[in-house]
1. With a 1.4 Å probe and every protein chain kept in, tell me what percent of the accessible surface of the chain is carbon plus sulfur.
2. To the nearest 20 debye, what charge dipole does segment 85-141 have about its Cα centre, counting +1 at the Cβ of each Lys and Arg and -1 at the Cβ of each Asp and Glu?
3. Kindly rank 183-192, 355-364 from highest to lowest mean number of other beta carbons found within 10 Å of each residue.
4. When ranked by the protection proxy of mean other Cβ atoms within 10 Å per residue, highest first, what sequence do the peptides 158-166, 416-424 form?
5. LYS304: which lysines have alpha carbons under 23 Å from its alpha carbon, excluding same-chain residues fewer than 8 sequence positions away?
6. Residues in segment 431-464, backbone N under 18 Å from the label point at LYS184 (7 Å along the Cα-to-beta-carbon vector): list them, ranges by number please.
7. What residues have an amide H closer than 5 Å to that of SER398, excluding those fewer than 5 places away on the same chain, when H is modeled at 1.01 Å from N in the peptide plane?
8. As an exercise, use a Förster radius of 25 Å and the Cβ-Cβ distance of ASP324 and ILE131 to find the FRET efficiency, rounded to the nearest 0.05.
Amino acid sequence: MRKKWRAGIMLLTIMALLSGCFGGKSELEPLKEGKGKIKVVYQDEDAFYRDYGNFFKMKYPDIDIEVISQTELFANFGQGESVDFDEERRKLLDKYKPDVLLLDESMFEAFTQEGRLYSIEEAVQQDKYDIEGFMPGLIDRIRAKGNGKLYGLAPYFETTVLYYNRELFKEHHIEPPRNQMSWKELIDLASRFSNVGSGDNQVYGLYQDYGGPEQLMYEIVASSGLRLFDVKAEKLLINSDGWKEAIKLATDAARNKSVYIPPQDGNGNRPNHRYELFFKGQAAMTFHRPWFTSELRDIPLYDKTLKKIDWDIVTTPIDASTPDESANVRLSEIYAIAADSHNKRAAWEFVKFVNGTDMAQATSKTNNGKLPTRNDYFKELEGRSTEAFYLLKPKAVSAYEGLWGNKNVPEDFIGLFRPLLSEALQAIIDNQKTLDEAIAELEVKGQEALFKAHEAKKAARKAN
C-alpha cells in the first residue's frame, strides 16, 4: 500500500515537472537568430513594398519575403469568358501556398470554416499583443467569422459618413444633422429643403450619387439588417412591415424631391457630373468616404466657378434598435496565417506589424479612403474631427452580407429582379399604385424570377 502511495506521489511530481517544462512553452517558437522566410499575398510586389514591405524590412531585416502577386488573378478577365473570382483566388492560394493570406470577409469566413487558417488567440496571449486598441466591435466582428475564435486581424476598415454644407443650414435657419439619426429623421430633415429654390436652382436636402430610388431603399434596408431571402433563398421576404417602411421612406423622398435622384438614360447610366450640385451649394447633404475631403479641398482650385464649401460630417443613419452599431462597415483586408504554414512565427511577426501601432500612426497621415482600425491615431481630417467614422461599432454582419451575402441566391436573380423593383418603386412614386398593391405584385413577380433563376442554375449544373 505504501509503495503504491509513493509511486502515486512520484507520478504527480513528474507530471508537475513536465508541466513546468512544457506547459509554459510558447505556442510559437522565437525566430532563430531573428531570421525567417515567408510568402505573402498582395496586389503586386511594388505596391507591397510601398505600403508595408519597406517599413517591415527596417524592423525585421533578416526576414525574407516572397510576394505572391494577385495580378495573376486578372489574366482571364476581359477575355469573353465567365470567371469566378473567388474560385480563381482559391486556385492561386493552392498553387503558391502563402504563409500570410490577404482575404476579404467572405473568403476569410469560408477559410475559417474549412480549417485553413491558424488561430492567433494563443499567439496574442503569448506576446501580450494589444488588441484592446482596436476600434470597439472590430475584434468581435472578426471573431464572429471564426465561431468565436480569432483567426486574423484587419488594419483598415471602410465606411461612409454624411457630409453636410454648414452654410446652407445656417442660411435657411435649419438645424444641421447630428450623429446617430434614424433614416426617418434624416429624410424629414432633407424634406425641409424641398421648397428652397426651383427649376435649375432647386436645392435638395440629400444628394444621391448613383442609382435610382432602389439604391436609396437598399441603403435604408441595410442599416436595419432586413433580409431579402430566407436561409435557403427559396422565398422573398419583401412583403413585410420593415421592407414596407423602407420603401415608403425612399419613394416619399423621391416624390417630394427631398433627395436628388440622378437622372439615367435608357441603359441605366447617368450623366458624368458627380456631386456637381453639392459643389454648387444646391445640395445640403451627401454620403461619401474619407477621401471625398480631398475633392472638397481641391475642386474649387480647378473650377473657379465653384466656391469653397464649409462642410462637416456626422454618422450615417442608424437602426433605432441598435443605435450604437453600423452595418456600413467593410473589412476588405484581413491578414491571416495559413494553418499549414511552416513559418508561423515569422508570419505572425508580419501580421502583428501590419496591424500594429507603428503602421497605424504612419498610415493615418494619408487619405486614401481606408481608415486605421486602431482609433487612437486618426483624430483629425482637414481640420474636422474624425469622430463620425469611429462612433458606431460595426455590426456582426455587414450591409452587403445581410442583403446579398446568401450563397444560395442564384447569380441570375439580381438581373431579373432589378427591373421589377424599379418598376414597382416608380409606380408608387407616380401614385399609380398604392404601397401595398405594388409590393404584393412585386412579391409575386419576384418569386417567379427567383424560381426561374434557380431552374437556370440547376440546368447549368447538369450541362456541366
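1. Answer for the chain is 50 percent, counting heavy atoms of protein chains only.
2. The calculated dipole for segment 85-141 is roughly 280 debye.
3. By packing density, highest mean first, the sequence is 183-192, 355-364.
4. Going from most to least packed, we get 158-166, 416-424.
5. LYS280
6. From segment 431-464, the list is 435-436.
7. Excluding prolines and chain starts, which carry no amide H, there are no hits.
8. 0.80
The values are calculated or read from the model by the stated rules, or taken from the named source; none is laboratory data. Not measured: the values here are computed from a predicted model. With ideal geometry, Cβ positions are generated from the backbone for all residues, glycine too; neighbour counts draw on all protein chains shown. Each accessible area value is taken on the protein alone, full model and side chains, heavy atoms only, with ligands, DNA and RNA left out. Shrake-Rupley method; radii C 1.70, N 1.55, O 1.52, S 1.80 Å.
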